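> Take a look at this one; I'll ask things after.
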Amino acid sequence: KAGFTTRKDGHKRIVFLCSESDMGNPNVPDEVWKAINGMMILSPWNVYKDLTKRPEIQRARLERWSPAECVMALQGYLIGIMGRLEAWSVTLAARETVAGKQWSDIAHIHRYVSVSDQATADALIPELLRMPAAVRGVSYEPAVGPVDFSQWLPEDRCCCGIIGCPNEGLDHIIHGGESGRSARPYDLEWARS
């Protein structure tokens, strides 16, 4: 919508989508999933960090529906809220903008998996790297055991330099220990390594 822009300092707002839920949950209805992704596509003044523990479901959905199909699903929701004419005008230009684009072309939507130790990293990161996305990252929180990320870092993994190359590796790692009275131990060496 006109008037939405980046922050006054020129940086995009960061929206951590599903930090305490999961868009990869199979119980999220397909039409809701598509509409939320359509909303993210239409909000390039934000950077969305979409976190999941189910990258295989997220990947399947991203491969099933294009960005343009998600914008069309959002239009269906907007018709119910705004009326047909307003919803049509809001999404028409956006549909034209994303026509023919792939998920790896949409740089303001970042896809993440949540890992806590080497076993979850070994299981989830390879699936994340098969996900079509411009930026891929890991939320290593709460860190409850050491993780060797070296095999998934981009050095020596890609020679083409194309954003979204499946051999690129991880773009970002968020790292932190567990909080609260019964927090499990955290070793600073995990961060140093």
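> Within the range 135-193, restricting attention to residues that are modelled with pLDDT under 90 and among the β-branched types (Val, Ile, Thr), which residue is farthest from the chain's Cα centre (by Cα)?
162
> Return the residue satisfying two criteria in turn: it lies in the range 70-94 and is closer than 14 Å to residue 40 by Cα and modelled with pLDDT under 70, and of such residues it is surrounded by the fewest Cβ atoms within 10 Å (Cβ to Cβ).
Among those that are closer than 14 Å to residue 40 by Cα and modelled with pLDDT under 70, it is 90.
The values are calculated or read from the model by the stated rules, or taken from the named source; none is laboratory data. Please read all numbers here as calculations on a predicted model, not as lab measurements. Glycine also receives a Cβ, built like all others from the backbone with ideal geometry; neighbour counts cover every protein chain displayed.
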